[in-house]
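Structure, as structure tokens:
Coordinate-derived values only; no laboratory data. What you see is a predicted model, and the numbers here were worked out from it, not measured in a lab. Positions of Cβ are generated from backbone atoms using ideal geometry, with glycine treated the same way; all protein chains shown enter the neighbour counts.
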Amino acid sequence: MHARYGVPLGITAAGAAGLLYAAGFEARSFRLRRVTVPVLPPGMRPLRVLQVSDIHMVSGQRKKQRWLRSLAGLRPDFVINTGDNLSDPEGVPEVLDSLGPLMEFPGAYVFGSNDYYGPVLRNPARYLLEKVQGRHGLNGNPPAVGVVHNPWEDMRDAFDAAGWLNLTNTRGTLKIEGVSLELTGLDDPHIKRDRYEQVAGGPSDSADFSMGVVHAPYLRTLDAFTADAYPLILAGHTHGGQLCIPFYGALVTNCDLDTDRVKGLSTHTAEGRTSYLHVSAGCGTNRYTPVRFACPPEATLLTLVGRE
């Protein structure tokens, strides 16, 4: 009996332990990533930008809410929210409560597909299948039907009232202690809402520093920002792969970005130019797949310094 059933029972126990760890511990083990990026004009003082992304708030997630509120203690120069704040149509009040202390700082935001639409139950294996088939989001897939519409307008209005810039296919400018920061944003490419032609042309001569902001780091948007000479692009969406293999990394990115750049700081090259790219692994998950493995939830404090 022991020889026959020992291995299957052992595998089952290991799988259950892994699932318990991924859902009960790692998905709630919030971290702060710190990154230094040499992108500012020489002589400009360093700027500290806090990037929050992929919160995927579900009503009742108290630990996540407390952690988000605590980030205000970092005292960033400005905040960038790269979208997917919701995973529950009832979660808007808790998102606003969690981000309330951060909304005291200058900031800007773009939305992701989960801000507009409620989550759906999906087989995680579909992400691998779509990767093999080259299909991601609505890019090559049939349009979504029968989806839940989130009350994203309430969240937009609150962000706007706090003075955060809405970067939905538009540009905006922040003034930080006399420094003019130009932010150029796109709506979510994952659901084909990006309209780069509305913001094309590259950084303005009047800005001291310019950067691009988008939720999902699809190559067409990275190519456009880079070709237009934006020195830095911020994105989210990938969850860092969410379920990763230790010492190997991510299997999927949920877009056409390669897995080597699924999270953290890297570079992107297009038309002979190179930009820095930072992809946040985010601090949440879809409510139907509340697990992370070898990829803890995070926010990032980026310190922008002068170019060498």
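Measuring from centroid to centroid over Cα atoms, what is the spacing of segment 32-82 and segment 146-210 in Å?
17
To the nearest 20 debye, what is the magnitude of the charge dipole of segment 32-306 about its Cα centre, counting +1 on the Cβ of each Lys and Arg and -1 on the Cβ of each Asp and Glu?
880
Report the residue, chosen from Thr170, Thr285, Thr184, that carries the largest GNM mean-square fluctuation when the chain is represented by alpha-carbon nodes joined by springs under 10 Å.
Residue with maximal mean-square fluctuation among Thr170, Thr285, Thr184: Thr170.
Mean Kyte-Doolittle of at least 0.0 and a Cα length of 18 Å or more along the axis: which whole DSSP H helices of the chain meet both? Working shown, then result.
Numbers: long enough: 2-24 (31 Å, 0.79).
Answer set is 2-24.
Residue by residue, what Karplus-based ³J(HN,Hα) values in Hz, rounded to whole numbers, does segment 237-245 have, using 6.51, -1.76 and 1.60 with θ = phi - 60° and x for Gly and Pro?
Listing the rounded values in order: 6, 6, 6, x, x, 6, 10, 10, 9 Hz.
Using modelled amide H (1.01 Å from N, peptide plane; none on Pro or chain starts), what sits under 5 Å from the amide H of Tyr117, excluding residues fewer than 5 places away?
Under 5 Å from the amide H of Tyr117 lie the amide H atoms of Asn150, each far enough along the sequence or on another chain.
Report the gain in length on full extension from Ile245 to Lys63: 0.36 nm times residue separation, minus Cα-Cα distance, nm rounded to one decimal.
Stretched fully, the Ile245-Lys63 segment lengthens by 62.9 nm.
In segment 32-306, with Lys and Arg counted as +1 and Asp and Glu as -1 at Cβ, which of these residues, Ser275, Cys244, Pro231, has the Cα nearest the positive end of the dipole, that is, farthest along it?
Farthest along the dipole direction, towards plus: Cys244.
Express the relative contact order of segment 32-306 as a whole percentage, based on alpha carbon pairs under 8 Å and six or more residues apart in sequence.
Rounded, it is 26 percent for segment 32-306.
So what are the ³J(HN,Hα) numbers for segment 165-174, from phi and the Karplus equation (6.51, -1.76, 1.60; θ = phi - 60°), rounded to whole Hz, Gly and Pro as x?
For segment 165-174, the Karplus curve yields 7, 7, 9, 6, 6, 7, 10, x, 10, 10 Hz.
Output the antiparallel fraction of DSSP beta bridges having both residues in segment 138-285, as a percent to the nearest 5.
Bridges in segment 138-285 that DSSP calls antiparallel: roughly 60 percent.
Please name which of Met103, Trp152, Leu121 has its Cα lying farthest along the dipole of the chain towards the positive end, using unit charges on Cβ (Lys, Arg +1; Asp, Glu -1) and the Cα centre as origin.
Towards the positive end, the residue furthest out is Leu121.
Under 10 Å, Cα contacts only: if you run a Gaussian network model on the chain, which one of Tyr109, Tyr196, Tyr288 comes out with the highest mean-square fluctuation?
Judging by the Gaussian network model, the answer is Tyr288.
Pick from Gln65, Gln51, Gln133: which residue has the top mean-square fluctuation in a GNM of the chain where Cα pairs under 10 Å get a spring?
Gln133
Please list, in chain and number order, the residues 5+ apart from His136 or on another chain whose amide H is under 5 Å from its amide H, with Hs placed from the backbone.
HN-HN under 5 Å from His136: Asn141.
Show the residues, 5+ positions off or on another chain, whose built amide H is closer than 5 Å to the amide H of Gly83.
When sequence neighbours closer than 5 places are left aside, the close amide H contacts are Asp54, Val110.
Of the DSSP beta bridges with both residues in the chain, give the percent that are antiparallel, rounding to the nearest 5. Kindly include the intermediate steps, with their values, before the conclusion.
Details: 22 of 53 bridges.
So the antiparallel bridges in the chain amount to around 40 percent.
Full-extension gain between Asp258 and Val132, please, as 0.36 nm times their residue separation minus the C-alpha to C-alpha distance.
Taking 0.36 nm per residue and subtracting the Cα distance, the gain is 44.1 nm.
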